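So the structure is just underneath, and the comments pick up after that.
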Amino acid sequence: MMRPLSLAPHLNNTGLTGEDELDGGGFNIWGNTFPAGELPPAGGTAVVGEVPFLFPVAGADNVRCRGQRVDVPAGDWDWVHVLGAAERRTEDLVEVHYADGSVRGQWLRMSDFWPQTEPRFGEVLAFRCRHMHYPRHVQRTTSPAIWAQRVPLTVPSGVVALVLPDNPALHVFALTLQAVG
Amino acid sequence: MKASLPGIAHWRHDLGHCLHATAGVLLGFHGADPLDLLGAAWGFDYTAGDMRREEYYFPCGQRSLFASLAPFHDVTSTWHAPSSPEQGWDEVRARVLAGTPVAVAADNYFLPFRPAYQDVHTNHLLVVHGFDEERGTVSVCDPVPPRFLGEIRIEELTAARDSANPVRHSRDMFFTANPIGNRWLDVTVSGHTGPASRERLREIMTANLEGLRGVDDGSSDHRGLPGQERFLREAAARLSGGDASVVDEVFVVAGVALAVTGLHGDYLAAAGRRLGERPLLTLAREVDRIAHHWSAVRIMVATGRDDPATAGRALAGRMTALLADQLATVDRMAAVAAAL
């Protein structure tokens with residue numbers, strides 16, 4: 001069983017824009033964005049491999065990681081699937097918080113969104129856009145990527161929250177829990 | 001008149017920038033493996049205030065740029081600063097005609113294959129390896145995405161090289177307000193003998209360790225891990241106090257540290273595979289993890305302009321984690337080097 005999570009309370013970065021609003025976001029520090037028209041509809045479900053991700057709604061559409069705490073519903077969860085990309089590849093610990101107060105760290109590794117850059121951590125290529133948006137033009141020779149990564153939950157029961165790293169190079173568009181079994 | 005030099009091919013490391021990409025193209029032309037030369041050194045050596053607003057900034061001290069990039073090899077470079085765009089082209093043309101590609105500084109705003117064309121000013125570096133005066137073209141190689149290997153108009157390159165590189169809008173960041181000045185770089189490579197032997201690798205690692213463990217004398221020179229810690233601690237303190245003026249310097253210096261660390265990780269991994277030494281592969285992965293800290297530092301600082309206090313607190317925490325991991329990696333490196 002897969003359970004997409006809502007990241008709505010945590011969305012703090014706009015990484016997708018339309019061609020009529022090129023300067024309406026800034027995935028990276030240079031103001032580049034992914035072309036929304038080449039990605040699944042805002043608010044819809046995008047399936048990557050066999051994992052359904054709740055694709056972000058328009059507006060702030062991803063989490064630039066700064067230690068946000070994401071609540072986890074009750075269940076026995078085996079994996080956290082992550083749709084994301086980084087500004088230069090990076091890795092950090094996600095804190096997995098349990099009902100008994102214990103905390104376990106699990107690595108979240110994410111490759112660069114930048115065109116012509118291979119995945120470093122064995123991620124699945126979720127989306128390769130044909131264009132990249134700059135605040136004042138559409139660059140038709142650059143193809144940014146969004147990756148599908150996963151994080152194991154070695155103790156599946158009693159997870160109450162995930163605390164994302166304080167690493168603003170790391171962006172998360174969507175999280176989906178996969179149940180044991 | 002025309003010239004077209006063979007042996008020009010793209011090379012790029014994903015954590016490097018235009019300096020390492022350009023260096024890789026030129027080293028490859030000279031028959032060297034770029035990773036062998038660019039990845040051997042690992043350290044931190046920065047003098048406060050030395051940062052220049054150029055994408056290809058690298059702290060050099062008294063050495064040439066390429067000698068600083070590849071301090072364990074016989075490589076040197078010389079910057080030339082022509083007095084006019086005409087002289088700038090004449091010098092580059094003569095060098096290429098003599099059979100040697102060169103690096104030129106250029107403002108992306110004037111380069112039609114760069115995404116920043118007619119948009120963002122910046123101080124970039126790329127390779128010139130041919131020209132055709134009858135057609136009015138120059139052959140350039142730029143491995144930075146979207147990589148380009150082809151011809152542009154000579155006057156386009158001249159405009160890029162002669163640019164005042166002005167600040168025009170908010171995205172003219174970090175590498176602007178520094179006129180390009182038609183500068184070009186002549187590189188000499190001699191005596192490259194291929195990948196390091198086991199003994200040579202031990203010497204290289206030992207020298208790196210010596211540098212990393214250097215003593216901090218409290219001066220403006222930030223050397224080794226003690227200097228790196230002080231550099232980051234001072235930056236975090238300034239940011240925490242609301243001083244965003246440190247952003248540019250830390251972003252650029254962190255970019256250098258990121259590139260150097262990432263290259264060294266891959267250098268050790270290549271050596272581990274070549275020599276059949278699994279401990280080198282494990283060590284390489286640890287070095288890679290240090291690089292990934294620098295990815296965080298770089299963006300943490302760059303996004304801190306509007307809220308420096310928050311960035312300062314985050315940087316302080318990151319610095320502690322980075323240093324702890326790096327100290328452990330240095331200890332492992334010493335053990336691995338000793339066992340080689």
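The values are calculated or read from the model by the stated rules, or taken from the named source; none is laboratory data. Fair warning: this is a prediction, and the values are worked out from it, not measured in the lab. When we count neighbours, we look across all protein chains shown, and the Cβ atoms used for this are built from the backbone with ideal geometry, even at glycine.
Those residues that are away from chain A (no Cβ under 14 Å) and of a type in the set (Asp, Glu), I need them from the stretch B:1-46; list them, please. Correct list: B:Asp33, B:Asp36, B:Asp45.
Would you check if A:Arg64 is within 10 Å of another protein chain (Cβ to nearest Cβ), in contact with a strand residue (DSSP E or B) (Cβ under 9 Å, 6 or more places away or on another chain), buried (at least 21 other Cβ atoms within 10 Å of the Cβ) and among the basic types (Lys, Arg)? Yes: the conditions hold for A:Arg64. The C-beta contact set for the stretch A:52-64 (first residue without any contact (Cβ under 8 Å) to a residue 60 or more places away in the chain, second residue of a type in the set (Gly, Ala, Ser), distance under 7 angstrom, 6+ apart or interchain) comprises A:Val57/A:Ala42; A:Val57/A:Gly43; A:Ala58/A:Ala42. Being part of a strand (DSSP E or B), over 28 Å from B:His17 (Cβ atoms) and within 14 Å of chain B (Cβ to nearest Cβ) is a property that does not hold for A:Gly84.
For B:Leu283, the criteria (1) hydrophobic (A, V, I, L, M, F, W, C); (2) crowded, with 23+ Cβ neighbours inside 10 Å; (3) in contact with a helix residue (DSSP H, G or I) (Cβ under 6 Å, 6 or more places away or on another chain); (4) in contact (Cβ under 8 Å) with a residue 60 or more places away in the chain hold in every case but one, which is (4).
As for the stretch A:112-119, it holds at least one residue that is out of contact with any Gly (no Cβ under 9 Å at 6 or more places or on another chain), within 14 Å of another protein chain (Cβ to nearest Cβ) and buried (at least 23 other Cβ atoms within 10 Å of the Cβ). Taking the criterion of being over 22 Å from A:Asp23 (Cα atoms), outside any strand (DSSP E or B) and touching a helix residue (DSSP H, G or I) at 6+ places or on another chain (Cβ under 8 Å), the residues of the stretch B:114-156 that qualify are B:Glu133, B:Gly136, B:Pro143, B:Val144, B:Ile154, B:Glu156. Within the stretch A:4-37, the residues that satisfy the criterion of being surrounded by fewer than 16 Cβ atoms within 10 Å (Cβ to Cβ) and away from chain B (no Cβ under 14 Å) are A:Ser6, A:Ala8, A:Pro9, A:Gly18, A:Glu19, A:Asp20, A:Glu21, A:Gly37. Only residues that are within 9 Å of chain A (Cβ to nearest Cβ), of a type in the set (D, E, K, R) and more than 23 Å from B:Arg53 (Cβ to Cβ) were counted across the stretch B:247-301, and they come to 2. May I ask you to list the residues in the stretch A:87-109 that are within 14 Å of chain B (Cβ to nearest Cβ) and part of a loop (DSSP other than H, G, I, E, B)? A:Glu87, A:Arg88, A:Arg89, listed by residue number. Kindly check whether there is at least one residue in the stretch A:161-172 that is assigned to a strand (DSSP E or B), more than 26 Å from A:Leu22 (Cβ to Cβ), within 11 Å of chain B (Cβ to nearest Cβ) and among the charged types (D, E, K, R). Checked against the condition, which is being assigned to a strand (DSSP E or B), more than 26 Å from A:Leu22 (Cβ to Cβ), within 11 Å of chain B (Cβ to nearest Cβ) and among the charged types (D, E, K, R), the stretch A:161-172 yields at least one hit. Here B:Leu157 passes the criteria (1) surrounded by 23 or more Cβ atoms within 10 Å (Cβ to Cβ); (2) within 18 Å of the chain's Cα centre (by Cα) except the one numbered (2).
All told, B:Phe131 falls short of being at pLDDT below 95, under 23 Å from B:Gly24 (Cα atoms), of a type in the set (Phe, Trp, Tyr) and out of contact with any Cys (no Cβ under 6 Å at 6 or more places or on another chain). In the stretch B:69-93, of all residues being of a type in the set (Gly, Ala, Ser) and surrounded by 18 or more Cβ atoms within 10 Å (Cβ to Cβ), the one that is farthest from B:Ala105 (Cα to Cα) corresponds to B:Ala70.
Number of residues in the stretch A:125-160 that are more than 10 Å from chain B (Cβ to nearest Cβ), within 23 Å of B:Pro115 (Cα to Cα) and polar (S, T, N, Q): the value is 0. Give the stretch B:216-258 a look and list any residue that's in contact (Cβ under 8 Å) with a residue 24 or more places away in the chain, more than 22 Å from B:Thr282 (Cβ to Cβ) and small (Gly, Ala, Ser), or say none. B:Ser220, B:Gly224, B:Gly227, B:Ala235, B:Ala236, B:Ala237, B:Ser240, B:Gly241, B:Gly242, B:Ala244, B:Ala254, B:Gly255, listed by residue number.
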